[in-house]
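Participant: Handing you this structure, nothing more for now.
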Amino acid sequence: MIKKVLRPFWSYDVQKTEKWLIAMAEQGYFLVKINRVTRSFFFQQGEPKKLTYRIGFDKMQGESLSRGLLAEGWTKVLRAGHWFVTSNEKPMEQIKTSSIREGIIKHNRIIMYIFGGIVGYFSIAAMLFLSIFGMIFFASDSQVEVVESPYWIFTYLYFGAVIAILVLALYSVIKIHTTNKNLIKENSRDDLHFGMQPEGTLSKAEEKQLKCSGKLIAKRKLGWMYAPDKLEQWLEEMEEQGYNLYRVSKTGTVFHFFIGRPRKVCYCADYQNIADESYFDIHREAGWKSVFKSFGSLQKWSIWVREYSEGKERPQIYSDKSNQLKHARKIAIAYSCLFLPLIIAHLLNLGIGFDLFIHNTVDKMRILTLIIMVIVILSFGSFTIRTWLYYFRLKKTI
């Protein structure tokens, strides 16, 4: 007897799907097929059994498993495209080796970027529409007249489809981001923090007590990612003065220091468009320790640290100077692509606003809107300029 079950979003949370497959096996239903198009699972009924399932994604995966997985007791259940499912009769806590998650994480990120682009497109379009409509509405002295049309049904259908796509995109981005975070945590190892105390040793109450006694201080650094070289210089100067970095806040804006001993430390603020666990492993093996990782998946900032002895050469996370320059150019281009469309959009709105401002009577709402637009343009413009200044500073030194 074959049982068919529809699960449209199963790949968004493979850990949850694995638990569901385990529960189905305990009920006597064993997976035999997955239809990726219809998002359906097919089960063969049999005697209930306890099995451990593991879902993987690998474009290079062959028909047979590796010797290590076979020796651990894994058997391949099926393959559907680049997806594959393995099972093991041993419980997960007794299994030492299993398929890696990196393929799933990368696949999920691609989907998340696509839906993130959809959300960004609709957000920018909505901002432009609302700002232009607001300008016209507040500037116009005449009443707005709604004209009846036999084609309003198409307008309603269009907006209904847009809302449905936007909800799907938002759900996909949030769900996949949470899943990838859990998958990375699943295989990540516990790292000790670089500072005087292991990360997480102090509670909030203990930190507060140390701050009151003056042994722990907190300093804010806003917008450091637009000039990372200045952040590196500031942190190294703090270390030379005896302020040892303990931890960085989750937002990356608050730096906590112990009053300790002066030491020679090299810091590096590194930007990666896509940063996976192999990226972190390479730097860890080279002797660097991570003190901060940003939440973003598309734009990943990390702060690395490495102590060295007096008189020795200052360590470099990138030995090739040309790689450092490419790194700086990548930062400048990334933020230019992010901010320039917003600057252009607000400049267009500002032009419309000034035109309406000149030809119509002045009111407080119109003035406030123009001031906000000017502030946004100056802010985004300064961010873009600061990233290019960083690039030219590094180019000059190299």
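The values are calculated or read from the model by the stated rules, or taken from the named source; none is laboratory data. Since we're looking at a predicted model, the values are computed, not measured. Using ideal geometry, Cβ is built from the backbone for each residue, glycine included, and neighbour counts are taken over all protein chains shown.
Participant: If you go through the stretch 87-121, how many residues are more than 25 Å from Ile174 (Cα to Cα) and surrounded by fewer than 20 Cβ atoms within 10 Å (Cβ to Cβ)?
Facilitator: Number satisfying all stated conditions: 11.
Participant: Right, something else. Looking at (1) aliphatic (A, V, I, L, M); (2) farther than 30 Å from Val119 by Cα; (3) at pLDDT 85 or above, which one does Met196 not meet, given that it meets all the others?
Facilitator: Going through the list (1) aliphatic (A, V, I, L, M); (2) farther than 30 Å from Val119 by Cα; (3) at pLDDT 85 or above, Met196 breaks only (3).
Participant: Looking at Ala71 and the list (1) loosely packed, with under 15 Cβ neighbours inside 10 Å; (2) at pLDDT 90 or above; (3) not aromatic (Phe, Trp, Tyr), which single condition is not satisfied?
Facilitator: Condition (2) is where Ala71 drops out.
Participant: Moving on. With the condition being under 30 Å from Ile111 (Cα atoms) and in contact with a helix residue (DSSP H, G or I) (Cβ under 7 Å, 6 or more places away or on another chain), I'd like the strands (runs of 3 or more DSSP E) fully within the stretch 1-80 carrying at least 1 qualifying residues. Reasoning before the result, please.
Facilitator: Numbers: elements: 2-6, 29-35, 40-45, 52-57, 75-80.
Here the list reads 29-35, 40-45, 52-57.
Participant: Would you mind stating whether Leu210 is surrounded by 12 or more Cβ atoms within 10 Å (Cβ to Cβ) and at pLDDT below 85?
Facilitator: On the way: surrounded by 12 or more Cβ atoms within 10 Å (Cβ to Cβ): yes; at pLDDT below 85: no.
For Leu210, the condition - surrounded by 12 or more Cβ atoms within 10 Å (Cβ to Cβ) and at pLDDT below 85 - is not met.
Participant: Still on this structure: Could you please tell me which pairs satisfy a Cβ distance under 7 Å, a separation of 6+ or placement on different chains, a first residue in the stretch 251-265 that is in the same structural domain as Val291 (by TED's automatic domain parsing), and a second residue that is crowded, with 19+ Cβ neighbours inside 10 Å and in a loop (DSSP other than H, G, I, E, B)?
Facilitator: Phe258/Gly195
Participant: If I ask for residues that are within 25 Å of Leu389 (Cβ to Cβ) and under 22 Å from the mean Cα position of the chain (by Cα), which ones from the stretch 227-266 would you list?
Facilitator: Ala227, Pro228, Leu231, Val248, Thr251, Gly252, Thr253, Val254, Phe255
Participant: Considering each residue of the stretch 82-116, count those that are assigned to a helix (DSSP H, G or I), within 18 Å of Trp20 (Cβ to Cβ) and over 26 Å from the mean Cα position of the chain (by Cα), and give that number.
Facilitator: Total satisfying the criteria: 1.
Participant: Tally up the residues in the stretch 245-274 that are charged (D, E, K, R) and outside any strand (DSSP E or B), please. Steps first, please.
Facilitator: The initial filter retains those residues of the stretch 245-274 that are charged (D, E, K, R), namely 247, 250, 261, 263-264, 270.
Narrowing the set further to residues that are outside any strand (DSSP E or B) leaves 250, 261, 263-264.
So the answer is 4.
Participant: Sticking with this structure for a sec: Taking the stretch 76-129 on its own, how many of its residues are among the aromatic types (Phe, Trp, Tyr) and over 22 Å from Cys337 (Cβ atoms)?
Facilitator: Looking only at the stretch 76-129, we keep the residues that are among the aromatic types (Phe, Trp, Tyr), and these are 83-84, 113, 115, 121-122, 129.
Okay, now just the ones that are also over 22 Å from Cys337 (Cβ atoms), so 83-84, 129.
Qualifying residue count for the region: 3.
Participant: Something else about it: What about Phe30, is it out of contact with any Ser or Thr (no Cβ under 6 Å at 6 or more places or on another chain) and not charged (D, E, K, R)? Full working, then the answer.
Facilitator: Values: out of contact with any Ser or Thr (no Cβ under 6 Å at 6 or more places or on another chain): yes; not charged (D, E, K, R): yes.
So Phe30 passes the test.
Participant: Now for a different question. Return the residue satisfying two criteria in turn: it lies in the stretch 318-338 and is closer than 27 Å to Leu378 by Cβ and of a type in the set (Ser, Thr, Tyr), and of such residues it is surrounded by the most Cβ atoms within 10 Å (Cβ to Cβ).
Facilitator: Tyr335
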